[in-house]
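Undergrad: My questions will all concern the structure given below.
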Amino acid sequence: METYLDNAATTPVFSEVRDTVVQVMEQDYGNPSSKHTKGMVAEQYIKEAKEIIAACLKCKPKEIIFTSGGTESNNMALIGTAAANRRAGKHIITTKIEHASVYEPMSYLEEMGYEVTYLPVNSAGQVSVEDIEQALREDTLLVSVMYVNNEVGSVQKVGEIGGMLRRRKPDVLFHVDAIQAFGKYKIIPERLGIDLMSVSGHKIHGPKGTGLLYVRDGVKVRPILFGGGQQSGMRSGTENVPGIAGLGAAVRLMYQDYAAKREHLFSLKKMLIDGLQNYEGVVIHGVDGLPLEETAPHIVSAGFASIKSEVMLHALAQEGVFVSSGSACSSNHPELSGTLQAVGVREDLLDSTLRFSFSVMTTPEQIAYAVEAVGRLLPMLRRFTKH
């Protein structure tokens, strides 16, 4: 049975998303900047997608900027905001478990003379709101925290952080990387105190190469792409109309029967954890006694004592079970996971950990098959390791 459990890396598109993309590519392929009918039809797709997303976020359509995905959204949020607000200060606060598309822009900003404070997290992968408050300075410009960690599924107290910032330092901007959270949580940026928020399309059964950045009205962001002045000059380049239309459809579908979808994901997560914990030497990371509902519904990080993650990954793939040895993006950086180290994973498990991630398309039968495959492989691989 083919069992795809790497949905935190990417998801298969909904069939309606596929049909929408094909329709735009084959029939409604006009350039949205063109003044003729084909262009106007293309422009309407963009308008409709913005309206769907704005209704979901309870924000204004003009607060949505379409991008090529989460990486561009994070880069625009961090570099664009820092460049546009230099007079407000040159100090930024983030955590030690952010995605590379946040870490790398932070490193770039440090080279540009900004100072970045990297805060630790506890064993459940959560940053302390008090630590953020204590790290605030007169010259703090921006706080950037990921909503759901892509490796261990820890969930930050975004609302508490946003509320604290509004009370203590309302001029400090709050950016949230919601790439793993959007679609799994109802996110209303205004209620949570979020000023900028990054979203990726292919994590929610939308097309790859699509994403968005929410920018609260009034927040200054300098563009990082220049040219034709599309999207009010904030993101030049002819819009990816098929992708944007597909993204809008994916957002609409993800939030249909939202409660049932979350319940399905949490039931799969419980089933997987219960099954894996029956095996000797298996450790679940990033939970640390938290109720299941306080962790991400779609990610499980598990360490397998005495077995290298790559060995286990390839053995499972031979059985038709597809998982990840960490963030798919971090596979370009072979060093041990900084996230696993930050949450205090035992040293012997740092290179023996796999990420299982599922979607609304995943079935209980697939989870049962994956658990059974792990059970068959563990004793064989451990005998092999001992020799």
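The values are calculated or read from the model by the stated rules, or taken from the named source; none is laboratory data. No experiment lies behind these values; they were computed from the predicted model shown. Glycine gets a Cβ as well: all are built from the backbone with ideal geometry, and neighbour counts include every protein chain shown. Remember, those area values only see protein heavy atoms, side chains included, never the ligands or the DNA or RNA. Shrake-Rupley method; radii C 1.70, N 1.55, O 1.52, S 1.80 Å.
Undergrad: Go through the stretch 254-302 and count every residue that is crowded, with 22+ Cβ neighbours inside 10 Å and among the small types (G, A, S).
TA: 4
Undergrad: Separate question: Six or more apart or on different chains, Cβ under 8 Å: which pairs go from a residue in the stretch 9-31 that's within 18 Å of S200 (Cα to Cα) to one that's of a type in the set (S, T, Y) and in a loop (DSSP other than H, G, I, E, B)? Could you list them?
TA: A9/S327; T11/S359; P12/S359
Undergrad: For the stretch 335-387, enumerate the residues that are outside any helix (DSSP H, G or I), at pLDDT below 95, of a type in the set (A, V, I, L, M, F, W, C) and touching a helix residue (DSSP H, G or I) at 6+ places or on another chain (Cβ under 7 Å).
TA: Residue satisfying the conditions is L350 alone.
Undergrad: Which condition number does V287 fail, the rest of (1) part of a helix (DSSP H, G or I); (2) touching a residue at least 40 places away in the same chain (Cβ under 8 Å) being met?
TA: Going through the list (1) part of a helix (DSSP H, G or I); (2) touching a residue at least 40 places away in the same chain (Cβ under 8 Å), V287 breaks only (1).
Undergrad: Looking at the structure I just gave you, is L192 buried (at least 24 other Cβ atoms within 10 Å of the Cβ) and among the aliphatic types (A, V, I, L, M)?
TA: Details: buried (at least 24 other Cβ atoms within 10 Å of the Cβ): no; among the aliphatic types (A, V, I, L, M): yes.
Considered against the rule, which asks whether it is buried (at least 24 other Cβ atoms within 10 Å of the Cβ) and among the aliphatic types (A, V, I, L, M), L192 comes out as no.
Undergrad: If you don't mind, another one. Limited to the stretch 151-169, what total is found for residues that are over 19 Å from the mean Cα position of the chain (by Cα), over 14 Å from G89 (Cβ atoms) and not in a helix (DSSP H, G or I)?
TA: 0
Undergrad: Let me ask you something else. If the requirement is being touching a Gly at 6+ places or on another chain (Cβ under 6 Å), in contact (Cβ under 8 Å) with a residue 40 or more places away in the chain and not small (G, A, S), which of these qualifies: T67, T95?
TA: Numbers: T95 fails: touching a Gly at 6+ places or on another chain (Cβ under 6 Å).
The unique qualifying residue is T67.
Undergrad: Kindly evaluate A259 against the criterion of being in a helix (DSSP H, G or I), at negative phi and in contact (Cβ under 8 Å) with a residue 24 or more places away in the chain. Reasoning before the result, please.
TA: Numbers: in a helix (DSSP H, G or I): yes; at negative phi: yes; in contact (Cβ under 8 Å) with a residue 24 or more places away in the chain: no.
Considered against the rule, which asks whether it is in a helix (DSSP H, G or I), at negative phi and in contact (Cβ under 8 Å) with a residue 24 or more places away in the chain, A259 comes out as no.
Undergrad: Among the residues in the stretch 198-219, are any among the β-branched types (V, I, T), touching a residue at least 24 places away in the same chain (Cβ under 8 Å), over 20 Å from L78 (Cα atoms) and part of a loop (DSSP other than H, G, I, E, B)? Working first, answer last.
TA: As a first pass, look at the stretch 198-219 and keep what is among the β-branched types (V, I, T): 199, 204, 210, 215, 219.
Retained after the next criterion (residues that are touching a residue at least 24 places away in the same chain (Cβ under 8 Å)): 199, 204, 210, 215, 219.
Retained after the next criterion (residues that are over 20 Å from L78 (Cα atoms)): 204.
Then keep just the ones that are part of a loop (DSSP other than H, G, I, E, B); that gives 204.
Looking through the stretch 198-219, at least one residue is among the β-branched types (V, I, T), touching a residue at least 24 places away in the same chain (Cβ under 8 Å), over 20 Å from L78 (Cα atoms) and part of a loop (DSSP other than H, G, I, E, B).
Undergrad: Determine whether the stretch 62-82 contains at least one residue that is in a loop (DSSP other than H, G, I, E, B), under 21 Å from the mean Cα position of the chain (by Cα) and closer than 30 Å to G246 by Cα. Explain how you work it out, then say what you get.
TA: If we filter the stretch 62-82 for residues that are in a loop (DSSP other than H, G, I, E, B), which is where we start, we get 68-69.
Pick out the ones that are also under 21 Å from the mean Cα position of the chain (by Cα) and you get 68-69.
Retained after the next criterion (residues that are closer than 30 Å to G246 by Cα): 68-69.
Yes: one or more hits.
Undergrad: For the stretch 13-27, indicate whether the set of residues that are among the small types (G, A, S) and in contact with a Leu (Cβ under 7 Å, 6 or more places away or on another chain) is non-empty. Let's see the steps before the verdict.
TA: Applying the first criterion (among the small types (G, A, S)) to the stretch 13-27 yields 15.
Applying the additional criterion that residues be in contact with a Leu (Cβ under 7 Å, 6 or more places away or on another chain) yields none.
No, the conditions are met nowhere in the stretch 13-27.
Undergrad: Of the conditions (1) under 21 Å from Y147 (Cα atoms); (2) touching an Asp or Glu at 6+ places or on another chain (Cβ under 9 Å); (3) in contact (Cβ under 8 Å) with a residue 40 or more places away in the chain, G275 clears all except one; give me its number.
TA: Status for G275: all satisfied but (1).
Undergrad: Among residues belonging to the stretch 101-150 that are assigned to a loop (DSSP other than H, G, I, E, B) and touching a Leu at 6+ places or on another chain (Cβ under 7 Å), point out the one that is surrounded by the fewest Cβ atoms within 10 Å (Cβ to Cβ). Break it down stepwise before answering.
TA: Our first condition is that a residue be assigned to a loop (DSSP other than H, G, I, E, B); within the stretch 101-150, this holds for 112-114, 120-128, 136-139, 147, 149-150.
Narrowing the set further to residues that are touching a Leu at 6+ places or on another chain (Cβ under 7 Å) leaves 124, 127.
Working: A124: 18, V127: 25.
Of everything passing the filter in the stretch 101-150, A124 is surrounded by the fewest Cβ atoms within 10 Å (Cβ to Cβ).
Undergrad: Among K96, K90, which is the only one that is open to solvent by 30 Å² or more (accessible area, probe 1.4 Å) and over 28 Å from E294 (Cβ atoms)? Before you say what the answer is, go through the steps one by one.
TA: Numbers: K96 fails: over 28 Å from E294 (Cβ atoms).
Criteria check complete, one pass: K90.
Undergrad: Here's something else I'd like to know. I'm trying to understand the selection: among the residues of the stretch 32-55, which are open to solvent by 60 Å² or more (accessible area, probe 1.4 Å) and farther than 27 Å from Q256 by Cα? Can you show your working first?
TA: From the stretch 32-55, those open to solvent by 60 Å² or more (accessible area, probe 1.4 Å) are 33, 35-38, 40, 43-44, 47-48, 51, 55; that's our starting set.
If the condition is that a residue be open to solvent by 60 Å² or more (accessible area, probe 1.4 Å) and farther than 27 Å from Q256 by Cα, then S33, K35, H36, T37, K38, M40 are the ones that fit.
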